[in-house]
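Single-structure report; data block below.
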Amino acid sequence: MRCVVTGGCGFIGSHLVDALVARGDEVIVVDDMSTGSNANLREGVRLAEGSVLDAGLLRSAMEGADCVFHLAAWARVARSIEDPVGTHNVNVLGALNALDAARKSGSPRIVYISSSSVYGDQRTHLMQEDMTPNPLSPYALQKLAGEQYCTLYARLFGLTIASLRYFNVYGPRQAVDGPYTMVMGRFQRQRDAGEPLSVYGDGAQTRSYTYVGDAVNATILAGTKELPAGKNVILNIGTREETSVMELARLIGGEVQNIHPNPRGAFEERRKTADYSRAKAALGWEPTVSLREGFALTYPPR
């Protein structure tokens, strides 16, 4: 299979590239290196360096591709609040460019990486795909807009598309530096620096944490399993294991400092886990790595 992975030098994208190469697939990576790293690029994989805002670059890279995996994005809620226009351009226009390039180059299948953030606050902690989205940040709204473009393109042009709502993916190569790192990466950096772990608010807010290997397996299945043409299949990729931020801090270890008031304020969802039954039915996928097992793989003994 000939595959294109946008954002293939990033944390999750590079793991996906490694898994595709191990399968024997030909892989082309599109990445502008704004958050990706050459150190993550597997030897022998072709890199088309540039932005997803460059429609010509995308069209050239996708020519003859069997599947396009669109992971490139400016992630993180805080960044989207600070720069809603810039993140919109990359996350929405970039997704549209990828869809249009795939269509024009004849790529029959697209896997779009969305986010559990599209749910926002719901009446229950167990997220299901038929819930009405309630985005609380520009990033969440941008990811939802990308999903809606996927639905439109599938219906208009008969494409086979899967939108995967990732739930807090973690693992080796995750970012630990910079202002927009996920909580696990931030805790890791603080612990290694001998600093207290900054827990926003009371730390009772919960999440579903998904090991990167499980997320990659789901993504490859979404690109290879038989799915209906002309439809955007939206699937949760996460676990039902509910872990509070305070529990995560205890697992990583170190002194904890609660930050009041919570700087995320109204953008902080209180509870969230994944109902992955649709992914199991459509792809035969379910998570296999618990948080403790994934933690051991992410932080092996020295």
Being surrounded by 22 or more Cβ atoms within 10 Å (Cβ to Cβ) and closer than 27 Å to ARG191 by Cβ is the filter here; which residues of region 217-244 pass it? GLY238, THR239
Quick one: which of VAL68, VAL4, VAL85, VAL17 is more than 23 Å from ARG155 (Cα to Cα), surrounded by 24 or more Cβ atoms within 10 Å (Cβ to Cβ) and β-branched (Val, Ile, Thr)? VAL17
Tabulated pairs, region 276-291, first within 23 Å of THR206 (Cα to Cα), second of a type in the set (Phe, Trp, Tyr) and in a helix (DSSP H, G or I), C-beta under 8 angstrom, 6+ apart or interchain: none
Unique residue being among the small types (Gly, Ala, Ser) and in a helix (DSSP H, G or I) when the list is ALA65, ALA78, ALA162, ALA72: ALA78
Could you pull out the residue among VAL30, VAL4 that is β-branched (Val, Ile, Thr), touching a strand residue (DSSP E or B) at 6+ places or on another chain (Cβ under 7 Å) and closer than 17 Å to VAL90 by Cα? VAL30
So which pairs qualify, if the first residue must be in region 106-122 and under 18 Å from GLN148 (Cα atoms), the second must be aliphatic (A, V, I, L, M) and part of a strand (DSSP E or B), the Cβ gap must be under 6 Å, and the two must be at least 6 apart or on different chains? ILE110/VAL68; ILE110/ILE161; VAL111/ALA162; ILE113/LEU164; TYR119/MET127
What number goes with the only condition from (1) surrounded by fewer than 19 Cβ atoms within 10 Å (Cβ to Cβ); (2) within 21 Å of THR239 (Cβ to Cβ) that ALA140 does not pass? (1)
Go through (1) assigned to a helix (DSSP H, G or I); (2) of a type outside the set (Asp, Glu); (3) farther than 20 Å from CYS3 by Cβ; (4) touching a Ser or Thr at 6+ places or on another chain (Cβ under 9 Å) one by one and return the number of the condition GLY146 breaks. (3)
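Of the residues that make up region 112-119, is at least one within 20 Å of VAL169 (Cα to Cα) and either surrounded by fewer than 17 Cβ atoms within 10 Å (Cβ to Cβ) or of a type in the set (A, V, I, L, M, F, W, C) (or both)?
There is at least one residue in region 112-119 that is within 20 Å of VAL169 (Cα to Cα) and either surrounded by fewer than 17 Cβ atoms within 10 Å (Cβ to Cβ) or of a type in the set (A, V, I, L, M, F, W, C) (or both).
No value in this document is a laboratory result; all are computed from the given coordinates. Everything quoted here is computed from the prediction, not taken from an experiment. Note that each Cβ is placed from the backbone with ideal geometry, even for glycine, and that neighbours are counted across all protein chains shown.
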